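> Take a look at this one; I'll ask things after.
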Amino acid sequence: MENQKELAKVPHHIAIIMDGNGRWAESRKQPRFYGHKVGVDAAEKVIRACTRIGVKTLTLFAFSSENWRRPSQEVDVLMGLFKTVLASKINQFQKQGICFRAIGDRSKFSKPLQEEINRAEILTANNQKINLIIAANYGGRWDITQAAKKIAISVKTNLISPDIITPEFFSKYLTTEQFPEPDLFIRTGGEKRISNFLLWQLAYTEFYFTDTLWPDFNESDLVLAIDNFSKRERRFGQTSKQMESEPTCLSKE
Ligand code: IPE
Ligand code: IPE
Ligand code: MG
């Protein structure tokens, strides 16, 4: 059945760089803040669409470790927005069966924001419909170095031997440890770069770039991206012929 075939190709995990909020607002002669605000609405729509389509994990890049370099006013607005959105949407997340998780160095956030994040994670921990991972003050290099640091301490204190450090072992120390690696990466806003997002985890992810600015991104854009993804052949180093007879997959199911 065509539907089943389509469903079989739905990515388990989609990771999105939600880019273009500022340009979207500026093109309307509005302050950048307005773009971020409408960007939150776009994120909400995409979360709902992913839940409907059957995506099991959605990671959204909300604030990079480099975004602190922006004017302090914009940083303050983004922090404020994060806290307000969390506080106001948490019950809705709960109703929708969303399991919320934040990845990134949260120690740099204000205490009230940290508390809001902790509260949301605890409240939604047992929800099963979809994992919503918000990458906030996240950097791929930071993720890899914090993992390396933990492993180094375990080696130093003789808890583990360096011999057991394999890529699989290493990945258990990353902040995304309990989630499968992304199948599909989407970046809106026209730029074709990773901007220090999930560097390790994107090793075998399919990339999809669109010029659509994030506040304009909607369910049909998402379906277009998934459709494009579903037509690709992921070979994980093997040949096409091998994939037909004995397909294997690198990412955790
Ligand atoms: C993405 O939109 C949101 C964040 C980085 C927080 P931008 O704010 O980067 O928008 P552009 O790229 O300047 O248009
Ligand atoms: C990446 O977008 C970070 C987020 C969307 C949160 P940026 O707008 O910060 O990326 P660069 O600076 O254009 O690479
Ligand atoms: Mg940008």
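The values are calculated or read from the model by the stated rules, or taken from the named source; none is laboratory data. Because the structure is a prediction, the values reported are computed rather than measured. Quick reminder, even Gly has a Cβ in these numbers, built from the backbone with ideal geometry, and neighbours come from all protein chains shown. Heads up: the accessible areas ignore ligands, DNA and RNA and are worked out on the full protein's heavy atoms, side chains in. Shrake-Rupley method; radii C 1.70, N 1.55, O 1.52, S 1.80 Å.
> Assuming residue 186 fulfils every condition listed in (1) within 19 Å of residue 57 (Cα to Cα); (2) away from ligand 1 (no atom under 16 Å from the Cβ) apart from one, which condition is it?
Unmet condition: (2).
> For the stretch 44-73, how many residues are within 11 Å of ligand 2 (Cβ to nearest atom) and not polar (S, T, N, Q)?
8
> Here's a follow-up. Suppose we keep only residues that are hydroxyl-bearing (Ser, Thr, Tyr), away from ligand 1 (no atom under 16 Å from the Cβ) and in contact with a strand residue (DSSP E or B) (Cβ under 8 Å, 6 or more places away or on another chain) within the stretch 189-209. Which one would you say is farthest from residue 228 (Cα to Cα)?
Across the stretch 189-209, the extreme among qualifying residues is 205.
> If we keep just the residues of the stretch 126-173 that are open to solvent by 70 Å² or more (accessible area, probe 1.4 Å) and acidic (Asp, Glu), which is nearest to residue 202 (Cα to Cα)?
168
> Residue under question is residue 93, and the condition is that it be free of Cβ contacts under 8 Å to residues at least 40 places away in the same chain, of a type outside the set (Val, Ile, Thr) and open to solvent by less than 10 Å² (accessible area, probe 1.4 Å); does it hold?
No; evaluated as a whole, the condition is false for this residue.
> Considering only residues that are within 10 Å of ligand 2 (Cβ to nearest atom) and among the hydrophobic types (A, V, I, L, M, F, W, C), look in the stretch 174-216 and name the one that is surrounded by the fewest Cβ atoms within 10 Å (Cβ to Cβ).
Filtering first and then ranking leaves 194.
> Six or more apart or on different chains, Cβ under 6 Å: which pairs go from a residue in the stretch 180-195 that's touching a residue at least 24 places away in the same chain (Cβ under 8 Å) to one that's open to solvent by 50 Å² or more (accessible area, probe 1.4 Å)? Could you list them?
As it stands, the answer is 180/12; 180/252; 183/12; 185/207; 187/209; 190/211, since those pairs meet every condition given.
> For the stretch 16-37, which positions are crowded, with 19+ Cβ neighbours inside 10 Å and either touching a Pro at 6+ places or on another chain (Cβ under 8 Å) or hydroxyl-bearing (Ser, Thr, Tyr) (or both)?
20, 21, 24, 25, 35 - these are the residues of the stretch 16-37 that are crowded, with 19+ Cβ neighbours inside 10 Å and either touching a Pro at 6+ places or on another chain (Cβ under 8 Å) or hydroxyl-bearing (Ser, Thr, Tyr) (or both).
> Since residue 87 meets every condition but one in (1) more than 22 Å from residue 222 (Cβ to Cβ); (2) open to solvent by less than 40 Å² (accessible area, probe 1.4 Å); (3) among the small types (Gly, Ala, Ser); (4) in contact (Cβ under 8 Å) with a residue 24 or more places away in the chain, which condition does it not meet?
The number of the failed condition is (2).
> Another question, then. Return yes when residue 62 is within 16 Å of ligand 1 (Cβ to nearest atom) and either open to solvent by 50 Å² or more (accessible area, probe 1.4 Å) or in a strand (DSSP E or B) (or both) and no when it is not.
Here the answer is yes, as residue 62 does meet what is asked.
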